[in-house]
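What follows is one structure encoded as C-alpha cells, with my remarks underneath.
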Ligand code: SF4
Ligand code: MG
C-alpha cells in the first residue's frame, strides 16, 4: 500500500550545556491510509519527542531534527518553513494530547474555539462554522451540543474535554491524527469511551492514527501494527496479533508481563526492574542490557542489529542472530 506518512532514520537532538543528546536515534515508522499504528514504551523512551518532531512542534532553540526524513504523501516535512508547516498542522496532521487543558484556551467558550479551528481551515462564515461546531460536538458524543458550545473548558470533565479536543482535531478533516497518551489521565470507563470514539471516527472518516501510549492493553484494542520503543530506538515491530502471540524482544516480553490480563491473576503485577536510561548515559552495547534478564556478554559491548522474522516482524536483539530470515 502507498505510505501516507513515512518517517525514516529520524534523529532528534536536544541541546545541553555539554553536548547535544540524541533523544530519538534513527527510527523508522510508516503509516498507510486508514491504518492505526501504535508506538509503545515506558515514559522517557522518546515517543512524545517523535510525535513533536513529526508535527514540527519541538521547543525552538532547545531541540531539533538532526537527521533522517519525515514525508507526508511523499513531501518532505523536515525541509518546510514554519509557515508551510503551519498549513500542514491542522489541515493534514492533527494531534491530541494527554492533557487537553494545555491545548484549550481557558478564557474562551468551547464553541468559539471550535469555530476558530474550523474557520482557519476553510472560508466558512461564522454562522456556518457555528453550525459545524455543533455537529462536531454531537459527532464526538457530546449531548445537548447547542448548549455546550457556551461553556468554558474548566466547566467540563476530563473525558468531555478530551472529546472537545478530538472535535477540534477533526474540524479540519486531517489525514493523520497523532494521539499522544489520549486516555492516560482518564479513568477506565471514560478511557474505553474515548477509544470507542476514536475507532468510530476512523471508521467514518478513514483517518490514519498514530497512537502513542505506555499501555500495551490500549495497543491491543486499537492498533493494526505496533512499534515498541526503548531509549530512543525501535526495538521490535510487527502486526499486533503476531507481536502479542510471539513477542521476541525481552523488553516487549517484560511490558506484556506487566499487563494485568497477562499476569496469570497474580496479585502483584510484574514490573521491569530499573528505569529507561537517560539519553546522555545510553549503554554502549544494547541499551536494554542493564535491565535484561536474557543479557549475554556480547550485549554489553555490541549494539544488536535488527532481525527480520517476515511479514514486517522485526526485532533488535542478539538472541536472534542466525534465527531470523
Ligand atoms: Fe537482552 Fe541482549 Fe537482547 Fe539486549 S541484545 S535485549 S541485552 S538479550
Ligand atoms: Mg510522553
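The values are calculated or read from the model by the stated rules, or taken from the named source; none is laboratory data. Just so you know, these numbers come straight off a predicted model, no measurement behind them. Here Cβ is always computed from backbone atoms with ideal geometry, including for glycine, and neighbour counts include all displayed protein chains.
When residues of the stretch 266-301 are filtered for being under 24 Å from residue 44 (Cβ atoms) and in a loop (DSSP other than H, G, I, E, B), how many remain?
Total satisfying the criteria: 22.
Just name the residue that is farthest from residue 79 (Cα to Cα) out of those in the stretch 15-62 that are within 14 Å of ligand 2 (Cβ to nearest atom) and part of a strand (DSSP E or B).
The extreme case among them is 40.
Would you mind listing the helices (runs of 4 or more DSSP H) fully within the stretch 113-186 where at least 3 residues are in contact with a helix residue (DSSP H, G or I) (Cβ under 8 Å, 6 or more places away or on another chain), within 16 Å of ligand 1 (Cβ to nearest atom) and closer than 24 Å to residue 31 by Cα?
Where helices (runs of 4 or more DSSP H) fall fully within the stretch 113-186, none carries at least 3 residues being in contact with a helix residue (DSSP H, G or I) (Cβ under 8 Å, 6 or more places away or on another chain), within 16 Å of ligand 1 (Cβ to nearest atom) and closer than 24 Å to residue 31 by Cα.
Take residue 23 and decide whether it is more than 19 Å from residue 177 (Cα to Cα) and in contact with a helix residue (DSSP H, G or I) (Cβ under 7 Å, 6 or more places away or on another chain).
Yes: the conditions hold for residue 23.
Tell me whether the stretch 47-60 contains one or more residues that are under 17 Å from the mean Cα position of the chain (by Cα), more than 23 Å from residue 204 (Cα to Cα) and within 16 Å of ligand 1 (Cβ to nearest atom).
The answer is no; no qualifying residue exists.
Looking at residue 201 and the list (1) modelled with pLDDT of 90 or more; (2) surrounded by 19 or more Cβ atoms within 10 Å (Cβ to Cβ), which single condition is not satisfied?
All conditions are met except number (1).
Looking only at the stretch 12-39, count every residue that is within 16 Å of residue 230 (Cβ to Cβ) and either within 16 Å of ligand 1 (Cβ to nearest atom) or without any contact (Cβ under 8 Å) to a residue 60 or more places away in the chain (or both) and tell me the total.
Summing the residues that are within 16 Å of residue 230 (Cβ to Cβ) and either within 16 Å of ligand 1 (Cβ to nearest atom) or without any contact (Cβ under 8 Å) to a residue 60 or more places away in the chain (or both) in the stretch 12-39 gives 2.
If you check 192, 185, which single one turns out to be out of contact with any strand residue (DSSP E or B) (no Cβ under 9 Å at 6 or more places or on another chain) and within 16 Å of ligand 2 (Cβ to nearest atom)?
Just one listed residue meets the conditions, 185.
Pull up the stretch 68-92, narrow it to residues that are buried (at least 16 other Cβ atoms within 10 Å of the Cβ) and modelled with pLDDT of 95 or more, then point me to the one that is farthest from residue 119 (Cα to Cα).
Quick first cut of the stretch 68-92, residues buried (at least 16 other Cβ atoms within 10 Å of the Cβ) only: 68, 70-72, 77-78, 80, 88-90, 92.
Next cut, modelled with pLDDT of 95 or more only: 68, 70-72, 77.
Details: 68: 34, 70: 28, 71: 26, 72: 23, 77: 24 Å.
Among residues in the stretch 68-92 that are buried (at least 16 other Cβ atoms within 10 Å of the Cβ) and modelled with pLDDT of 95 or more, the one farthest from residue 119 (Cα to Cα) is 68.
With respect to residue 285, determine if the residue is under 26 Å from residue 13 (Cα atoms), surrounded by fewer than 22 Cβ atoms within 10 Å (Cβ to Cβ) and within 16 Å of ligand 1 (Cβ to nearest atom).
Spelling it out, residue 285 is indeed under 26 Å from residue 13 (Cα atoms), surrounded by fewer than 22 Cβ atoms within 10 Å (Cβ to Cβ) and within 16 Å of ligand 1 (Cβ to nearest atom).
Would you tally the residues in the stretch 306-325 being within 12 Å of ligand 1 (Cβ to nearest atom), surrounded by 13 or more Cβ atoms within 10 Å (Cβ to Cβ) and part of a loop (DSSP other than H, G, I, E, B)?
3
Residue under question is residue 232, and the condition is that it be more than 22 Å from residue 110 (Cα to Cα), surrounded by fewer than 17 Cβ atoms within 10 Å (Cβ to Cβ) and either touching a residue at least 60 places away in the same chain (Cβ under 8 Å) or touching a helix residue (DSSP H, G or I) at 6+ places or on another chain (Cβ under 6 Å) (or both); does it hold? Outline the logic, then answer.
Details: more than 22 Å from residue 110 (Cα to Cα): yes; surrounded by fewer than 17 Cβ atoms within 10 Å (Cβ to Cβ): no; either touching a residue at least 60 places away in the same chain (Cβ under 8 Å) or touching a helix residue (DSSP H, G or I) at 6+ places or on another chain (Cβ under 6 Å) (or both): yes.
In short, no.
If a residue must be within 20 Å of residue 159 (Cα to Cα) and part of a strand (DSSP E or B), how many such residues does the stretch 211-229 contain?
So the answer is 3.
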